[in-house]
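Working notes, beginning with the structure itself.
The values are calculated or read from the model by the stated rules, or taken from the named source; none is laboratory data. Remember, it's a predicted structure, so these values are computed and weren't measured experimentally. Every residue, glycine among them, receives a Cβ derived from its backbone with ideal geometry; neighbour counts consider all protein chains shown. SASA here: full protein model, heavy atoms, side chains in, ligands and nucleic acids out. Shrake-Rupley method; radii C 1.70, N 1.55, O 1.52, S 1.80 Å.
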Amino acid sequence: MDEAGARNRIACWLIQDSQRMAALQVAARVSAQTGEELWLAAGFVRNLVWDKLYCAVCSPLNDLDVIYFGQHNLLPQYDRQLEQRLGDIAAKLPWSVKNQARMHIRNDDRPYLSVIDAMSFWPERQTAVAVRLSADGELEFISAFGFACLFDGHISHNPKREWPLFLQRIESKGWLEMYPLLSVN
């Protein structure tokens, strides 16, 4: 599948998923209020695709990874404030906000330059995906490695991360049990 086809299919699935669309609308509302470009990332997109392709039962939205790049405020407390704003609108959703301008410190990397640059360091290529609603209500997508890789039946290691970390994440997340048709690449 090519990139445009992959994004179009994901967009259709998102539009059909009322819970994910509600989360995107909440994030767009807080983005408009704060001026931060909030993206719903990682499992929000990845699990949607893998659920549709490889699983009869949809995985729960057990954490909503919200990412942004804000060099103006690197304090973790600001992430908590954004989580609170999101929670004030949709308290039942499990928000987890992370400023990617700060994550290089935790990961012992050089400073990241943008959200996409930060995503290019994530352990699996298929996780480095994100979506948001634009101010005019259109779905916008970003990815460090493209979206087509979500459809190829593999979990792919990012060489910027150590192999044992990659394997540990596969084990701890239970992806091969949840999606037995996936293989490690």
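Please report the antiparallel percentage of the DSSP beta bridges confined to the chain, to the nearest 5.
Values: 11 of 18 bridges.
About 60 percent, rounded to the nearest 5.
Assuming a viscosity of 1.567 mPa s and a temperature of 4 °C, what translational diffusion coefficient in µm² per second does Stokes-Einstein assign to the range 12-105, Rh being the Kirkwood radius over Cα pairs?
In µm²/s, the coefficient is 93.
5 Å is the cut-off here: which amide hydrogens, built 1.01 Å from N in the peptide plane, fall below it relative to residue 113, excluding neighbours closer than 5 in sequence?
Under 5 Å from the amide H of residue 113: 118.
What number comes out for the charge environment of residue 122, summing +1 per Lys or Arg and -1 per Asp or Glu over other residues with Cβ under 12 Å away?
Neighbourhood net charge equals +2.
State, as an integer percentage, the relative contact order of the range 81-144 based on alpha-carbon contacts under 8 Å between residues 6 or more apart.
Relative contact order, the range 81-144: 20 percent.
³J(HN,Hα) across the range 172-185 via Karplus (A = 6.51, B = -1.76, C = 1.60, θ = phi - 60°), whole Hz, x for Gly/Pro?
5, 7, x, 4, 6, 6, 5, 10, x, 7, 6, 10, 8, 10
Counting only protein heavy atoms, what percent of the accessible surface of the chain is carbon or sulfur at a 1.4 Å probe?
52 percent
Pairs of alpha-carbon atoms within less than 8 angstrom and 6+ residues apart define the contacts here; what relative contact order does the chain have, in percent?
Numbers: 282 pairs, mean separation 42.3, N = 185.
For the chain, the relative contact order is 23 percent.
Per DSSP H run of at least 4 residues, take -39500 (n - 2.57); add these up for the chain, divide by its residues and hand me the 222 nm value, nearest 500 deg cm²/dmol. Before the final figure, lay out each step's value.
Values: 8 runs with 82 residues, N = 185.
Here the helix-only value at 222 nm equals -13000 deg cm²/dmol.
How many Å² of accessible area per residue for the chain, probe 1.4 Å?
For the chain, the per-residue accessible area is 49 Å².
Residue-wise, which Karplus ³J(HN,Hα) couplings in Hz belong to the range 143-155, taking 6.51 cos²θ - 1.76 cosθ + 1.60, θ = phi - 60°, and x for glycine or proline?
Listing the rounded values in order: 7, 7, 10, x, 9, 4, 5, 5, 9, 9, x, 10, 10 Hz.
Just to check I understand the Karplus step: with θ = phi - 60° and J = 6.51 cos²θ - 1.76 cosθ + 1.60, what whole-Hz values come out for the range 156-163, glycine and proline as x?
So the Karplus estimates, Gly and Pro as x, are 10, 6, 8, x, 6, 10, 5, 4 Hz.
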